[in-house]
Structures are given as C-alpha cells and as structure tokens.
Amino acid sequence: MAEDAAQAPIPDIPFPDLDVVEEMQMGIVTRLGDVQRQKAEGKPVVWCSVLIPKEILFSMDVPCVYGSVMGAYAAIFRMSSKYCQVAEDDGLSRDVCSVNRCQVGVALCEDRDPFFEQAFTRPDLVIGSNFPCTSESKSFLHIARRFDIPYYFIDTPMNTWGAEIPEHAVTYVARQLQGMIDFLVEHGYTFDLDRLKQEVAFTKALNTVMEEIDDLKSAIPMPMKAFDTIMAMTAPLALSKEARKIELFERLRDELKERVDRGYGVVENERLRLMWIGLPPLFDFKLLEYPEKHGAVIPKTMLEFLVGFNVDPELMDPERPLETIALAQITSPANPSFDAGIDYFVRAARKYKVDGVICAVMRSCGHVPGMQRMTKEAIFDKTGVPAVLIDLDGSDERDYDDSSFKAQLDSFVETLLARKDG
C-alpha cells in the first residue's frame, strides 16, 4: 500500500531544489500508504491533527491519518474546490477553515481522486483538540459523527500568562495528555513510559538541529527556496517514526551550511527580503516565487512556527515527558492569545532582516486574521518594517483572484524598492 500511495498520479507541483528535501517529500507521501498496511494488520487507525503530540503517538506505535495533511494536499493538488464542496454539502459551514473543509471532504467523498483513494484510510478512532484553533474542534467532531467512532478531546487553554507558565496550567494539560494515553490503551494500545521519554529526548535533539537550520536559512542571500523550506519544516510533523531520522535533518543542515559558506543564493541579485504571515498559498506555491521577478525573496513563512516544540530545547526534560509536551503546547506561538505569536514574528523580522511583510488574510480562519493587524503594527513599531494586508485564502482556490493579488503584491514590492533605493 505504501508503494501504491507513493506511485498514485500526483498533479504538477514545484520540484524540490535540494535532494534531501525531495526525500522528505516522498517520505511524507509514503507514510500515508503505510497507514493502510497497519490497519490491515489489525491496528485501530486514529484520525487527528498533525499537531497532536508525535511523541505519544510514536511511543505507542499508533497509525494516524493526519486530517490537516490530507486537507493541505487537496489544496496543493488544486482539488480544494471539489473537496470543500463535499464538506459543505454535508453541512460543514463555509465559515470553517478551508483546510479543515478539505480534509473532511476527502474523508467523506465517494469519488476520491486516485491519490486520495490510496492515501486515505477509514479511521476507527478520533483524537481532537482546540490547539491551535477551534476549526480543529469542528472538523474532528464532524468526522467522529459521520463515521460513528469513539473520540477523545484534548483541551489546551489559551496562554494568558506569557512566558512564565504556572504549574497548575502545565499540570492541567499534562492530565489531558494522560487522558489521551488512557483512551488509546482502552482501545488496544500499550503505553510504555520509557519509550515516551525516549521520544521526547529525540525531539529535543531534533529541535536543536532545527534551530541550526533556522539560523542558516536566515543567511543573505537566501540559500533555500521557499517551497523547499515549507516541505522541510513540515517533515518533522508529517514523516513516519521510521523516516523521521535525525540524520535526515543533519544532512539538510550540512547542505545549507555548504551553500551559505560559498555565498549561494536561490535568486541572483537579491534585492528585497519578505516574510509571509498567514497560510502560504498551498494551491499554488509558485506565488511564493512570484516576487522574485523584482529580485525579492520570501525566506520566512508563518507555517514554520507550527513545527515541533517551540520551547527552548534546554528547558525540555525527557524525565518529565507529559509536562514537557504540555509546556510546549501552551507556550507555542500558534496557541492563542496573540502575544507569543506577535513576539515570534517581531524576532523573525529582525533575524531574517526582512524589508517587508505580506499579511495574507484568510477569510475562513478564525484565528490568524485577528492577529494580523496587531502583528503588522508591532513589527513596524519595533523594527520599522512595513507590511501589506492582502485577502488570500491559501487553501480554497474559489476565493482567489489572481490578478488582484499579484497587482497588490507588485505595488507593495515596487514601493519597498523605491523606499530602499531612495
């Protein structure tokens, strides 16, 4: 089944520039088919978000259908119109996040395209969460009801405390995670605390390498294509346990270092650096390369702050695995309220030395649009870097106006160039 999923017809998408990123991309696709094999072996398959803690899932050998990955691929393959419509016809409001509508549509569609026919596995259990947004809650309940299967919900409270998280909040989320473990044990899985500790220790090591990669990615000129960045930053979440090897990411780090050392840039005569806040245009990654005609590059996108733990690796304690995972989720920039996310982007604007910020406003998102204007103003106040707000649903192509988007982007980039050259 794994080979079938990897070989199913895949519509045209950008090709990775780095061989190691191509390997990651194929590993993500292969994992989808692996789930069908595991179900055939008698393991209950879990439907969940790609952000449900991997450490618990990997330590218990749980095969998962990551709904958000399904939804993202539906958009990447320019099939969002079809699958969003299936979800809407089944009662899911168009006001729900389009990635979530895509994933529900893939699950419920009776006429899936060949890739999704090979990649989708009917779930036996559902694990839902309100991290990072309420749309996850809505879509997971829709799946649980339509397939009439048991579910468990993880409640992660909004971070209203800032950097200093009280112990009672960590304990609360840790107990939610213990409830997830108990739910899986109830349905046939085995839990081993030592294995969980090993997985947290692995993630700590992986995050150390990912920090080194982030440092290299910030180099001028930009050493890594925007598409390669998105694939590589998704890999820690979407790869299987077997493919998620530390050596894979060390190879990426080493290849980037070699590029940085010799001054390689993906664009000749780089003139501007932009940061993209909001969902990247999954239905057309080439839009991330569109500014390159002006000599402008996009070395940093919002998608990256969802990767792995965002807590300092030095603060991660494998001996307290559930508490460490809980702390990471509470303090993640992706977790409301907005202070952590805004601070993340202010730091990124400085680190990546960006000249401008594209704030892509996704109408169907219930979280990001609320922070866009505050983020835009905070970046300008603290760094002097201007931003532009542009309507763009990065997943539902029905809401995209190509000429309008490109005209606004052209105008913004030309203004930045005039400002820089003047």
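Only the coordinates and a few stated rules stand behind these numbers; no lab work does. Computed from a predicted structure; not experimentally measured. Note: ideal-geometry Cβ built from the backbone for every residue, glycine included; neighbour counts use all protein chains shown.
Odds and ends about this structure:
- Peptides 269-281, 212-224 ordered by packing proxy, namely the average of other Cβ atoms within 10 Å per residue, highest first: 269-281, 212-224.
- Placing dummy labels 7 Å off each Cα toward the beta-carbon, the span from residue 37 to residue 312 is 4.2 nm.
- Residue exposure sequence - 314, 186, 117 - by fewest surrounding Cβ within 10 Å: 314, 186, 117
- Dipole of the chain, positive direction: furthest Cα of 77, 352, 418, with charges on the beta-carbon: 418
- Fewest-first sequence of 49, 395 by Cβ atoms within 10 Å of each Cβ: 49, 395
- P(r) tail, the stretch 76-179: Cα-Cα pairs separated by more than 22 Å, 41% of all pairs.
- Peptides 125-135, 20-30 ordered by average Cβ neighbours within 10 Å, highest first: 125-135, 20-30
- Sequence ranges 366-372, 189-195, ranked by mean other-Cβ count within 10 angstrom, highest first: 366-372, 189-195
- Extended-chain gain in nm, criterion 0.36 nm per residue less alpha-carbon gap, residue 158 and residue 381: 77.7 nm
- Computed from Cα atoms, the angle from the helix 246-261 axis to the main principal axis of the chain rounds to 0 degrees.
- Checking every one of the trypsin sites (Lys or Arg not before Pro) in the stretch 361-403 against DSSP loop status and a limit of 15 other Cβ atoms within 10 Å picks out 363.
- Normalised alpha carbon radius of gyration of the chain [divisor 2.2 N^0.38 Å]: 0.94
- Assigned charges on the beta-carbon of Lys, Arg, Asp, Glu; the chain dipole about Cα centre (debye): 580
- Theoretical gain in end-to-end length, residue 211 to residue 187 [0.36 nm per residue, Cα-Cα removed]: 4.9 nm
- Summing charges over all other residues whose Cβ lies under 15 Å from the Cβ of residue 166, with Lys and Arg as +1 and Asp and Glu as -1, gives -2.
- Charge tally in the Cβ shell below 10 Å around residue 47, where Lys, Arg are +1 and Asp, Glu are -1, residue 47 excluded: 0
- Extension gain for residue 320 to residue 148 (0.36 nm times residue separation, less C-alpha to C-alpha distance): 58.4 nm.
- Exposure proxy order (Cβ contacts within 10 Å, fewest to most) of 211, 289, 199: 211, 289, 199
- The angle separating the long axis of helix 19-40 from the principal Cα axis of greatest extent in the chain is about 20 degrees.
- Among the listed pairs 217/286; 382/420; 138/225; 54/351; 300/420, those beyond 25 Å (Cα-Cα): 138/225; 54/351
- With both labels modelled 7 Å from their Cα along Cα-to-Cβ, the residue 418 to residue 347 distance reads 3.6 nm.
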